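A short worksheet on the structure shown next.
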Amino acid sequence: QVQLVESGGGLVQPGGSLRLSCAASGSILRINTMGWYRQAPGKERELVAAITSGESTNYADFVKGRFIISRDYVKNTVYLQMNSLKPEDTAVYYCNANAWTRDRGGAYDYWGQGTQVTVSS
């Protein structure tokens, strides 16, 4: 009912920057929260950053001061500006949205397919 398409991933050197984008489409009535999660090989998926309809943000401790999450309410798009990237940031980054739709009752979580971010020299 909601499709999330991520873009912007790739290979970057330590200390470099990337900007991830996630565009939501479908039978959307309202998106409550959008966020980014990541999953590194052999590790569990973890929250990176999230932003609510009230523009309240939540960052994981390991990205505070380096990453910035923002949201375009007209385009239904969430961005993640990643600066000062470290090898430990290497992971598949997944877009998440909690949304009400026209064809489902209640609000549900939706996930994108993920985009690979590799930080390596």
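The table that follows gives values for the structure above.
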| quantity | calculated |
| --- | --- |
| Pair list, Cβ < 9 Å and 6+ apart or interchain, from region 109-121 residues that are under 15 Å from residue 41 (Cβ atoms) to residues that are open to solvent by 90 Å² or more (accessible area, probe 1.4 Å) | 116/11; 117/11; 118/11; 119/11; 119/13; 119/88; 120/11; 120/13 |
| Within region 43-58, tally of residues that are outside any loop (DSSP other than H, G, I, E, B) and farther than 18 Å from residue 20 by Cα | 0 |
| Contacts under 6 angstrom Cβ, first residue in region 7-24 being β-branched (Val, Ile, Thr), partner not in a loop (DSSP other than H, G, I, E, B), 6 or more apart | 12/18; 12/119 |
| Exclusive hit being open to solvent by less than 40 Å² (accessible area, probe 1.4 Å) and of a type in the set (S, T, N, Q), set 27, 56 | 27 |
| Residue identified as at pLDDT 95 or above and either β-branched (Val, Ile, Thr) or open to solvent by 40 Å² or more (accessible area, probe 1.4 Å) (or both) among 85, 80, 47 | 47 |
| So residue 81, is it under 15 Å from the mean Cα position of the chain (by Cα) and assigned to a loop (DSSP other than H, G, I, E, B) | no |
| Filter result for the condition that a residue is surrounded by fewer than 18 Cβ atoms within 10 Å (Cβ to Cβ), assigned to a strand (DSSP E or B) and of a type outside the set (S, T, N, Q), over 36, 100 | 100 |
| Looking only at region 59-70, and only at residues there that are open to solvent by less than 40 Å² (accessible area, probe 1.4 Å) and assigned to a strand (DSSP E or B), the one that is nearest to residue 95 (Cα to Cα) | 69 |
| Checklist (1) outside any loop (DSSP other than H, G, I, E, B); (2) open to solvent by 40 Å² or more (accessible area, probe 1.4 Å); (3) farther than 18 Å from residue 33 by Cβ applied to residue 121, failing item | (1) |
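The values are calculated or read from the model by the stated rules, or taken from the named source; none is laboratory data. The structure displayed is predicted, hence computed values, not measured ones. So basically every Cβ, Gly included, is an ideal-geometry build from the backbone, and we count neighbours across all protein chains shown. With ligands, DNA and RNA removed, areas are computed over all heavy atoms of the protein, side chains included. Shrake-Rupley method; radii C 1.70, N 1.55, O 1.52, S 1.80 Å.
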